[in-house]
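Some notes on the structure that comes next.
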């Protein structure tokens with residue numbers, strides 16, 4: 001049975017060679033470079049202890065420097081599973097979710113047809129290139145010269161010109177004996193509705209050949225020379241050779257350049273790609289007249305884990321970025337994302353290169369933003385969050401966006417990042433509101449009500465500076481406990497976000513915890529040895545039972561949960577007091593008294609280590625947790641001693 005080459009190309013493209021090989025080997029992670037698709041392992045085809053078996057994921061080939069075994073993903077399955085070529089194809093097709101082509105004689109006919117169409121396309125490339133050099137191509141040559149394209153560049157990219165006639169290409173190909181149906185099926189001509197000969201699809205246009213990954217000419221893109229033409233750019237129709245949603249302009253050379261370590265750049269048009277490549281950014285591609293498709297994203301990720309979307313700095317460019325984000329969200333995975341390089345307003349990469357040079361483009365690429373930054377920008381742009389309802393709506397929208405991410409670990413990281421940005425936004429807004437609420441240093445806000453506690457309440461325990469000191473101590477215990485048990489951080493994201501951390505060092509440590517990646521982040525190094533020692537030397541931290549029993553995660557979890565509850569209860573009571581103070585200027589009724597009582601009761605419950613019926617620890621007079629069983633035994637012993645004293 002013969003298989004169409006596009007089927008095998010798609011099969012190879014859908015599967016990662018390292019993923020298939022990884023089922024048979026153990027990777028040497030010290031020698032491998034996952035980000036570059038460079039993998040090393042002991043060879044599965046001969047016995048060895050060193051990692052001499054190399055997999056190049058980007059090129060799709062493996063090679064053993066010991067036994068010289070080499071091949072692609074099909075060859076690996078064939079050799080490792082001891083099966084025939086067709087059996088290897090069937091195994092991989094099932095894994096990739098592809099249906100095997102029907103076993104019938106038509107498959108060979110289709111293959112032969114594609115070969116003939118590719119030959120016709122090559123003849124069309126040569127015809128258009130010759131036309132650019134004739135007198136009729138003078139205007140096109142002048143236009144390309146104004147765009148900064150030299151004759152050498154024109155030859156390198158095989159740029160041509162379609163003359164302004166109805167049947168220039170048709171007559172040329174027919175004169176060479178090319179069958180009419182081949183010209184039509186190649187997407188080069190259309191039948192006339194007036195009973196005349198078919199006419200050329202491309203007329204009076206600068207022509208850009210589009211080649212597939214194998215280097216075959218499969219389509220054209222044409223740029224209109226007439227400024228009044230309805231279609232500035234026109235692509236070939238879809239044919240047996242060309243599927244515009246499954247190909248990219250400059251795919252083959254870009255893949256090779258990315259394999260040499262260049263960043264993969266996705267521009268918007270042919271001229272941008274040509275300008276970028278000629279300026280040294282050779283791993284540049286562009287979609288073919290449509291928005292980026294899911295299949296194109298998968299192609300990009302097979303070349304590089306984090307392609308850079310280079311978009312024009314106008315509203316259309318931003319909208320295009322958002323469309324790509326919405327398409328990419330369900331497809332994201334660890335090591336598979338996008339970054340966005342937004343060009344200065346009103347410019348595309350070609351404009352920026354001609355006006356400011358490659359250094360300016362490199363600067364924009366270096367500042368490429370991650371997806372989460374644009375998601376946040378879209379969520380808050382042009383909106384005001386001055387009410388609980390609007391704030392809740394923002395949080396709901398962000399949760400809905402991240403809910404599209406299928407990978408659970410990655411979704412959690414997105415949630416954490418966006419919660420941090422939300423907390424920062426609302427925190428800055430609260431500070432601004434406080435600033436606008438004060439007229440001067442008198443402490444009075446508009447309306448004549450005091451912004452701080454009145455004289456009669458300053459002696460209150462919760463209104464004194466001791467409250468801030470207690471908050472500081474509790475924050476220190478929380479931070480220290482989570483630093484020594486980082487596996488619990490994800491369980492307390494919301495609690496960390498709610499900690500105001502007036503102390504700058506506490507705020508720094510809180511932000512480090514929120515950003516910590518348990519798989520790759522070195523938390524101790526980020527905290528710093530000196531900062532860690534200073535934190536652990538604090539007396540209230542040093543006597544914390546969970547820090548005296550490192551490794552007891554249950555005790556650590558209980559400690560953090562308890563301290564966060566105390567902080568939350570204290571903030572709630574302070575908020576009720578502050579509101580009650582304002583209302584005292586007007587009138588106080590039973591509602592105010594009841595609310596204060598309820599808040600005080602919650603505060604009282606939270607400051608106990610645990611509720612009586614489930615407690616394992618009580619709070620001693622010095623504020624330290626005491627094991628309840630030990631305390632009971634101590635009380636019994638003291639009672640026995642007291643009873644045994646003479647005269648009792």
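What follows is calculated from the coordinates using simple rules that are stated; it is not laboratory data. Owing to the predicted nature of the structure, the values given are computational and were not obtained by experimental measurement. Please note: Cβ atoms are built from the backbone with ideal geometry, for glycine as well, and neighbour counts cover all protein chains shown.
At what distance in nm do the modelled label points of residue 180 and residue 31 sit from each other, each positioned 7 Å from its Cα along Cα→Cβ?
It works out to 6.3 nm between the two label points.
Using 0.36 nm per residue, how much length does the chain from residue 100 to residue 360 gain when fully extended, once their Cα-Cα distance is taken away?
Result for the pair: 88.7 nm of gain on full extension.
Contour minus end-to-end for residue 139 and residue 503, with contour as 0.36 nm per residue of separation and end-to-end as the Cα-Cα distance?
Full extension of this stretch gives 124.2 nm more.
Over the Cα atoms, compute the radius of gyration (one decimal) and Dmax (the largest Cα-Cα distance, rounded to a whole number) for the range 62-152, in Å.
Reported Rg and Dmax, both Å: 23.2, 62.
Per-residue counts of other Cβ atoms within 10 Å, averaged by peptide: what ranking do you get for 404-411, 327-334, highest first?
327-334, 404-411
P(r) for the range 46-85: what percent of alpha-carbon pairs falls in each 5 Å bin, starting at zero?
Binned Cα distances yield the sequence 6, 24, 27, 25, 15, 3.
What is the distance in Å between the Cα centroid of the range 470-518 and that of the range 322-375?
Using only Cα atoms, the two centres lie 33 Å from each other.
Could you tell me whether the range 116-177 comes out rounded, prolate or oblate from its Cα gyration tensor? Rule is a ≥ b ≥ c as square roots of the eigenvalues, rounded for a/c under 1.5, then prolate if a/b exceeds b/c, otherwise oblate.
Because a/c hits 1.5 or more and a/b fails to exceed b/c, the range 116-177 counts as oblate.
Can you check how the C-alpha radius of gyration of the range 279-326 compares to 2.2 N^0.38 Å, as a plain ratio?
Here the answer is 1.18, to two decimals.
More than 13 Å apart: what percent of Cα pairs in the range 333-398 qualify?
Percent of Cα pairs beyond 13 Å in the range 333-398: 73.
Within the range 47-72, whose backbone N sits under 14 Å from a point 7 Å along Cα→Cβ of residue 91?
Of the residues in the range 47-72, 72 have backbone N under 14 Å from the label point off residue 91.
Rank-order 497-509, 296-308, 552-564 by packing density, defined as the average count of other C-beta atoms within 10 Å over each peptide's residues, highest first.
296-308, 552-564, 497-509
Which semi-axis lengths, in whole Å and largest first, follow from the square roots of five times the eigenvalues of the Cα gyration tensor of the range 195-280?
27, 17, 9
Report the Cα centroid-to-centroid distance between the range 1-80 and the range 399-415 in angstrom, as an integer.
Rounded to whole Å, the Cα centres lie 31 Å apart.
For a paramagnetic label modelled at 7 Å from the Cα of residue 19 toward its Cβ, which residues of the range 60-77 fall within the zone defined by backbone nitrogen distances under 14 Å?
Hits in the range 60-77 for residue 19 at 14 Å: 73.
How large are Rg and Dmax for the range 106-242 when only the alpha carbon atoms are used, in Å?
For the range 106-242, the Cα-based Rg and Dmax read 14.9, 49 Å.
First check a/c for the range 8-127, with a ≥ b ≥ c the square roots of the eigenvalues of its C-alpha gyration tensor; if it is under 1.5, answer rounded, and if not, answer prolate when a/b is larger than b/c or oblate otherwise.
Prolate.
Determine the shape class of the range 298-361: with a ≥ b ≥ c the square roots of the Cα gyration tensor eigenvalues, call it rounded for a/c under 1.5, and otherwise prolate if a/b is greater than b/c, oblate otherwise.
oblate
In percent, how large is the relative contact order of the range 251-380, given Cα pairs closer than 8 Å and 6 or more residues apart?
So the answer I get is 24 percent.
Whole angstrom only: what separates the Cα centroid of the range 380-397 from the Cα centroid of the range 152-210?
55
Under the Kirkwood approximation for Rh and a Cα-based Rg, what ratio Rg/Rh is obtained for the range 388-437?
Using Cα coordinates only, the ratio equals 1.11.
State the volume of the convex hull built on the alpha-carbon positions of the range 251-380, expressed per residue in Å³ and rounded to an integer.
102
Where does the range 1-54 land on Rg(C-alpha)/(2.2 N^0.38 Å)?
It is 1.40.
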